[in-house]
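The values are calculated or read from the model by the stated rules, or taken from the named source; none is laboratory data. As the structure is a computational prediction, the values presented were derived from the model and not from experiment. Note: ideal-geometry Cβ built from the backbone for every residue, glycine included; neighbour counts use all protein chains shown.
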Amino acid sequence: MKISGTNTYLVGRGAQRLLIDTGEGRPSWSAVLRELLAAEKATVKHALLTHWHRDHVGGVADLLKMCPEAQVYKHDGREGRLTIEDGQIFQVQGATLRAIHTPGHTTDHVSFLLEDENALFTGDNVLGHGTAVFEDLVLYLSTLEKMRNLGAGRGYPGHGAVIEDCEAKITEYIDHRRQREEEVFRVLKFGGLDNGKVRAATAAQGKPRALSPADLVAVIYPDLAEELRLSASHGVLQMLLKLEGEGKVIRDGESEKWMVRGEKAAL
């Protein structure tokens, strides 16, 4: 089910179903769910929350009004929820889901493998359109590899259209992140994305520049809308932290600007 924004999924056949995510808490969502359950003569046995963001947990209260016996699960088990363990099995007629802890978009993020179809409910780690935001790039890339190794066919994302080739989409995500990371490093080292032209300009100036995440966004995403620049800066910062952990870049403590390790930059 999708009511303009967040996808939620009613899984299984028979009198008891599994529900993945509960949307933002809009009346239109609860009305559709109530109508669907009545038509199917079914109820929700378990509600499984992929992560804590409001647009995925906002409908829990409405769900419990409809299905007071439903058990609500979340990875960390906070706020009265039951805890989801990595590898935990949830089963109803026609569906067996295996929970997989997949931190990245958030630290509590969980994906679910529909073993009957070898399909993956990807939550917000992998979307049906665009790319995802993440809290920790190193962790996120490790999780994407973990998700790719599942070899899932179809993907059911938290936002956007169904992904017909989930493994290929995850590979696309990994390649995209690596490309962006390489671009960040190139801009720090050469001052721009065109290595040859910028190398000469840098040599003429005598020193490479130190850059902030916002500076890097301006070079790498020159046409990005103003309202998206803060989010992009967060993503660039995560790339810089990863490169710092690998010993490739350093941060100036006073200016909070970044430079390639071993190069003396003009601040």
**Study point:** Gly59 vs. criteria more than 19 Å from Pro157 (Cβ to Cβ) and either crowded, with 19+ Cβ neighbours inside 10 Å or small (Gly, Ala, Ser) (or both)
**Key:** no
**Study point:** Test for Glu69: is it on the phi > 0 side of the Ramachandran plot, part of a loop (DSSP other than H, G, I, E, B) and over 21 Å from the mean Cα position of the chain (by Cα)
**Key:** no
Review point. Taking Leu48, is it touching a Phe, Trp or Tyr at 6+ places or on another chain (Cβ under 7 Å) and buried (at least 20 other Cβ atoms within 10 Å of the Cβ)?
Key: yes
Exercise for review: Please find, among Thr43, Thr83, the residue that is modelled with pLDDT of 95 or more and either touching a Leu at 6+ places or on another chain (Cβ under 9 Å) or of a type in the set (A, V, I, L, M) (or both).
Suggested key: Thr43
Review point. Taking region 119-164, which residues are part of a loop (DSSP other than H, G, I, E, B), under 29 Å from Leu243 (Cβ atoms) and among the aliphatic types (A, V, I, L, M)?
Key: Val126, Leu127, Ala132, Val133, Leu150
Check your understanding: Is there a residue being in contact with a Gly (Cβ under 6 Å, 6 or more places away or on another chain), at pLDDT 95 or above and within 23 Å of Leu18 (Cα to Cα) anywhere in region 133-140?
Key -> no
Check your understanding: Would you say Glu263 is at pLDDT below 95, among the acidic types (Asp, Glu) and loosely packed, with under 11 Cβ neighbours inside 10 Å?
Key -> no
Point to revise | region 122-148, residues that are aromatic (Phe, Trp, Tyr) and over 15 Å from His53 (Cβ atoms) | key: Tyr140
Check your understanding: Listed residues Asp108, Asp76; which is within 29 Å of Gln238 (Cβ to Cβ), of a type in the set (D, E, K, R) and at pLDDT below 95?
Key -> Asp76
Review point. In region 50-69, which residues are under 15 Å from Tyr9 (Cα atoms), touching a residue at least 40 places away in the same chain (Cβ under 8 Å) and hydrophobic (A, V, I, L, M, F, W, C)?
Key: Leu63
Check your understanding: Just to be sure, is Thr43 closer than 18 Å to Ile84 by Cβ, in contact with an Asp or Glu (Cβ under 9 Å, 6 or more places away or on another chain), assigned by TED's automatic domain parsing to the domain that holds Leu64 and of a type in the set (Ser, Thr, Tyr)?
Key -> no
Review point. Which condition breaks for His105 when tested against (1) assigned to a strand (DSSP E or B); (2) under 22 Å from the mean Cα position of the chain (by Cα)?
Key: (1)
